[in-house]
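Worksheet for the structure shown next.
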Amino acid sequence: MATVSLKGVKKIYDNKVTAVHDFNLEIADKEFIVLVGPSGCGKSTTLRMIAGLEEISEGDLLIGDKRMNDVEPKDRDIAMVFQSYALYPHMTVYENMAFSLKLRKMPKEEIDKRVKEAAEILDITQYLQRKPKALSGGQRQRVAIGRAIVREPQVFLMDEPLSNLDAKLRNQMRAEIIKLRQRINTTFIYVTHDQTEAMTLGDRIVIMKDGFIQQIGTPQEVFDHPKNIFVAGFIGMPQMNFFDARLEKTGDSYVVKCQDATVTPSAKIVAGLKANNVPSKDIILGIRPEHVSFAAAPSETTISGTVDVSEMMGSEVHLHVNAKGKDVVLRIPTTDLPEEHRGGFHYGAEVNFTFRSDLIHLFDPETENNLL
């Protein structure tokens, strides 16, 4: 097992395009790290540099305490699972899983033991004599993971391994990877563009955009305390609502004016604003759809709008509300709704809503950073 350390790692293509900028990350032994971000943000390039499939332009990669920049991929003691499975079509499942061990000239009994153990962990024992073409996508993905497990690597790399599967199978395989992680106890580095995967799998998440790290933290930290507007909008489904607003400081207290509503931030937020010495200024207010509260009647703390779309989800209703030309999404538990709206809302219905004062996020419109 091993720690992985990336220090000032950069990837520059043809001395022109920088795909990854100054990437710094310390990964603990047996930690599960997820790199997440939109397409083209540099996450797969970073993984391929760790694997040795891309050259590191600047900076250092250490696995254990050994510098790996110039070490051949086969000598790095890592295993990688690709998006495309990459199985040999002419070999059985057993032969696919045993192949890398045969190349190492490992004794037959040891190969047999490792393959059968991995097959049992992944519940594919019954498929060992089949060829890949006779398997479903989920089964092929398990074989690809099994082929990596038998090598007992120090570090396990996974590049969007579930993106070729349908939604139901993805959920199932996600649960399988969580179970697998408990059983094989190694260091995992996992790449995905799916924030649900990132939130459910990672001990810590590294959120990337345009080759830069935006934030590193536990799933709960990045959800509760996003560093900037990008992270706030990227993490959470449906995504956070953003409003142009005004922060006003009077004496020792603050209020936020947003459309027709006046929101008084919680004592904790006020203390943070005071500590950072934030003056009165224009801001961007962020609020997650699940932290918007439905209000029975308008008041000075509410915003009014009309319903554009009402999506009934059973346990909750997702409302798209037009508030002065702004699309605002609300997630309201059906138990919180008046009886006449339990079945949803009709198009054009008037609604009033307000914000949980302890769960608002305040951002600087120029830097886009969180004011707290």
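Just wondering, is there one or more residues in the range 145-162 that are in the same structural domain as VAL34 (by TED's automatic domain parsing), outside any helix (DSSP H, G or I), surrounded by 14 or more Cβ atoms within 10 Å (Cβ to Cβ) and among the aromatic types (Phe, Trp, Tyr)?
yes
Please specify each residue of the range 294-307 satisfying the condition of being surrounded by 18 or more Cβ atoms within 10 Å (Cβ to Cβ) and modelled with pLDDT under 90.
PHE294 - this is the single residue of the range 294-307 that is surrounded by 18 or more Cβ atoms within 10 Å (Cβ to Cβ) and modelled with pLDDT under 90.
Which residues, taken from the range 12-47, are over 18 Å from ILE207 (Cβ atoms), in contact (Cβ under 8 Å) with a residue 40 or more places away in the chain and among the charged types (D, E, K, R)?
Within the range 12-47, ASP29, LYS30 meet the criteria.
Residues are listed down the side, and each one gets a yes or a no for (1) part of a strand (DSSP E or B); (2) buried (at least 16 other Cβ atoms within 10 Å of the Cβ):
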site	(1), (2)
LEU285	yes, yes
GLU290	no, yes
HIS318	yes, yes
ASN322	yes, no
VAL328	yes, yes
GLY348	no, no
GLU366	no, no
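Kindly list, by first and then second residue, each pair from a residue in the range 356-369 that is over 15 Å from PRO279 (Cα atoms) and in contact (Cβ under 8 Å) with a residue 12 or more places away in the chain to a residue that is outside any loop (DSSP other than H, G, I, E, B) and of a type in the set (Ser, Thr, Tyr), limited to pairs with Cβ atoms under 8 Å and residues at least 6 apart or on different chains.
Sorted first by the residue in the range 356-369, then by its partner, the pairs are ARG356/SER293.
List the residue pairs whose Cβ atoms are under 9 Å apart, where the first residue sits in the range 297-324 and is basic (Lys, Arg), the second is in a strand (DSSP E or B) and crowded, with 19+ Cβ neighbours inside 10 Å, and the two are 6 or more positions apart or on different chains.
LYS324/ILE303; LYS324/GLY305
Filter the strands (runs of 3 or more DSSP E) completely within the range 193-255 down to those with at least 1 residues that are farther than 29 Å from PHE156 by Cα and not aliphatic (A, V, I, L, M).
Where strands (runs of 3 or more DSSP E) fall fully within the range 193-255 and carry at least 1 residues being farther than 29 Å from PHE156 by Cα and not aliphatic (A, V, I, L, M), they are 241-250.
For the range 1-111, which fully contained strands (runs of 3 or more DSSP E) count at least 2 residues that are of a type in the set (D, E, K, R), at negative phi and in the same structural domain as MET208 (by TED's automatic domain parsing)?
4-13, 58-63
Under the condition of being of a type in the set (S, T, N, Q), modelled with pLDDT under 95 and within 18 Å of THR302 (Cα to Cα), which residue from the range 212-270 is nearest to the chain's Cα centre (by Cα)?
Taking the candidates together, the pick is SER266.
Considering only the range 33-51, state which residues are among the basic types (Lys, Arg) and touching a Gly at 6+ places or on another chain (Cβ under 6 Å).
LYS43
Can you tell me which residue within the range 267-280, out of those that are surrounded by fewer than 16 Cβ atoms within 10 Å (Cβ to Cβ) and touching a residue at least 40 places away in the same chain (Cβ under 8 Å), is farthest from ASP358 (Cα to Cα)?
Here the residue is ASN276.
The values are calculated or read from the model by the stated rules, or taken from the named source; none is laboratory data. In this text, all values refer to a predicted model and were calculated from it rather than measured experimentally. Here the Cβ is made from the backbone with ideal geometry for all residues, glycine too, and neighbour counts use every protein chain on show.
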